[in-house]
Every structure is written in structure tokens, then in C-alpha cells.
Amino acid sequence: MRVSVVTVVKNRAEALAATFASVMEQTHGDVEFVVVDGASTDGTVAWLEAHARLSGGRLRWISEPDSGIYNAMNKGIAMATGQAVGFLGAGDTFFDSRSLRVIAETLEEADVDAVYGDLVFVRESNPGRVCRSWRGSQFVPGIFRRGWQPAHPTFFVRRECFERHGGFDEALEISADFDIMYRMLEKCRISNRYIPRTLVRMLAGGTSNASLRNIFVAHRNIRRSFCKYGDTAPWLYSVRRLLPKVLNTIESRFS
């Protein structure tokens, strides 16, 4: 099974290099790395040109303006040729060299449309030190309303699911990752399997958690996502989702 790993980047050549190295060291043999660059001016394009030649055809890329991160991710889906597609942020890495092999084998052996697992958060200044862990669990209907969702960087989906059920809703800004997982799992009920294994090292502080303002904007847009499908979030949902994110953001500023 070919797996496409999509990374969206702009002016982060050094972070992109770390993600590229992680993808290239995977023991799963059939992998392509799709990079969607937002017209960088910091040397990212020169880096991509050089490393595309060294990748043996496994690195494919474009560099052009986009209208936001999820517009760029949708471009990545359109470029991907793998049977399965997943997304890593620039600077995010797989937990070890077997992560993609486990992902691909689970998709095939379990005969499911999507898989997801655990991840750890690390700081860019010290990527070897874990500062927080995300432990997942198997999806069951209705669990999103209790504040559950998969860790998006571990969420790998068969490409045909995007063709059937659509890509990222760009109108939801920094919450389109929640929306696409909610749509795929809860509303479209694609077959899925939780992998009880740490799959990804994610840089702490992603876009939705970069500030208290972004946390509240993301939360507002998650509620918009529920409404989109005729659903509502219970009143305790805000406490379950917002409080841990706010505390983590405050803690990170003093650590």
C-alpha cells in the first residue's frame, strides 16, 4: 500500500527538513512525501528543489500562494497518489521508523478506511523530551459529543474517502481538522481502527493552540461544525474541551 504524507509549509525550511528526514527513514517501502509550500521566501523552495532530486521520486511538491492552511491541505489531497493519506505539520515527525509500517499494515489487515493512534507533544528546542502525551481510544458512535476526537496527525484515511465524502471545509479556519474527522467517523461512519501505539511526535503549540484567542476561535468553529450536520454539543462539552487547552497554554508560557 502506498501512503502519502502531506505537509503544508511556509518559510520553515529547517522544520521541513526534520519532517522529511523522518518520512525518509520509515521502514514502510512505498511512501510519498507531498509538500505544499505557500510561496516561501526563506530558502524553502531551493531546499525542495535539491531534495526532490535526492528522494528517488518520493518527494513531490508545489510552491504557490494559497488562501490558508486547509486550502493547502486540500491541494495536497489532490496531489496525493497513495491509497492512504495523512498529514504532518512542518517539524512534526513520526515517533519511530516503524510508524508508517504499522499504519499501512493495520489499514490492510483490518480492512478499514481509517486508522489513528497516540502521539506525544515535544518542543522544537528539545524534540527528544516529551512534554505532554495524547492517548486515544476506539471510536464509538456519539463519543465526539463527549469531547473525544482522534489526534489529527495520526489520522490516516484511504484516499477514496476524500473522494466520496469531501476534503477540508476551508470556511472553518483552524477547526477544519476536527470537522473532517467528525464527518468521516460520526456522520459517514467509515470503518476505522484505533492503534494503541505512539505514532507521531508533534510540536507543541499548533495553530489552534498557539494563543488563547485561537483556542476560543477553534472552539467556536467546532460548535459550527456540529451545527452544520444538525447536531449540538452538550453544555459540558465546553468545559471538557476548553479547560485543558487553556491550562496547557498558560503552563507553556511559564515553562
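A compact table of results
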{"read-out": "Every pair of residues 6+ apart whose Cβ atoms lie under 7 Å, when the first sits in segment 2-14 and is closer than 16 Å to L203 by Cβ while the second is of a type in the set (D, E) and part of a loop (DSSP other than H, G, I, E, B)", "value": "N11/D42; A13/D42"}
{"read-out": "Pair list, Cβ < 9 Å and 6+ apart or interchain, from segment 105-124 residues that are without any contact (Cβ under 8 Å) to a residue 12 or more places away in the chain to residues that are aliphatic (A, V, I, L, M) and part of a loop (DSSP other than H, G, I, E, B)", "value": "E105/M1"}
{"read-out": "Strands (runs of 3 or more DSSP E) contained entirely in segment 121-221, each with at least 1 residues that are at pLDDT 95 or above", "value": "156-158, 192-203"}
{"read-out": "Boolean, F139 is touching a residue at least 12 places away in the same chain (Cβ under 8 Å) and under 14 Å from the mean Cα position of the chain (by Cα)", "value": "no"}
{"read-out": "Every residue from segment 1-42 that is over 19 Å from P127 (Cβ atoms) and charged (D, E, K, R)", "value": "R2, K10, D30, E32, D37, D42"}
{"read-out": "Any hit, segment 14-23, residues being at pLDDT 95 or above, touching a strand residue (DSSP E or B) at 6+ places or on another chain (Cβ under 8 Å) and within 21 Å of E108 (Cβ to Cβ)", "value": "yes"}
{"read-out": "Unique residue being among the polar types (S, T, N, Q), touching a residue at least 24 places away in the same chain (Cβ under 8 Å) and closer than 23 Å to R183 by Cβ when the list is S99, S55, S67", "value": "S67"}
{"read-out": "Of residues in segment 222-250 being assigned to a helix (DSSP H, G or I) and closer than 30 Å to R159 by Cβ, the one modelled with the lowest pLDDT", "value": "R241"}
{"read-out": "Count of residues meeting criterion [of a type in the set (S, T, N, Q) and surrounded by 23 or more Cβ atoms within 10 Å (Cβ to Cβ)] in segment 5-18", "value": "1"}
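Residues are listed down the side, and each one gets a yes or a no for (1) surrounded by fewer than 18 Cβ atoms within 10 Å (Cβ to Cβ); (2) among the basic types (K, R); (3) more than 24 Å from I190 (Cα to Cα):
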site: S22; (1), (2), (3): no, no, yes
site: G29; (1), (2), (3): yes, no, yes
site: T44; (1), (2), (3): no, no, yes
site: E49; (1), (2), (3): yes, no, yes
site: A104; (1), (2), (3): no, no, no
site: D111; (1), (2), (3): yes, no, no
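The values are calculated or read from the model by the stated rules, or taken from the named source; none is laboratory data. Everything quoted here is computed from the prediction, not taken from an experiment. Reconstructed Cβ throughout: ideal geometry from the backbone, glycine too, with neighbour counts over all protein chains shown.
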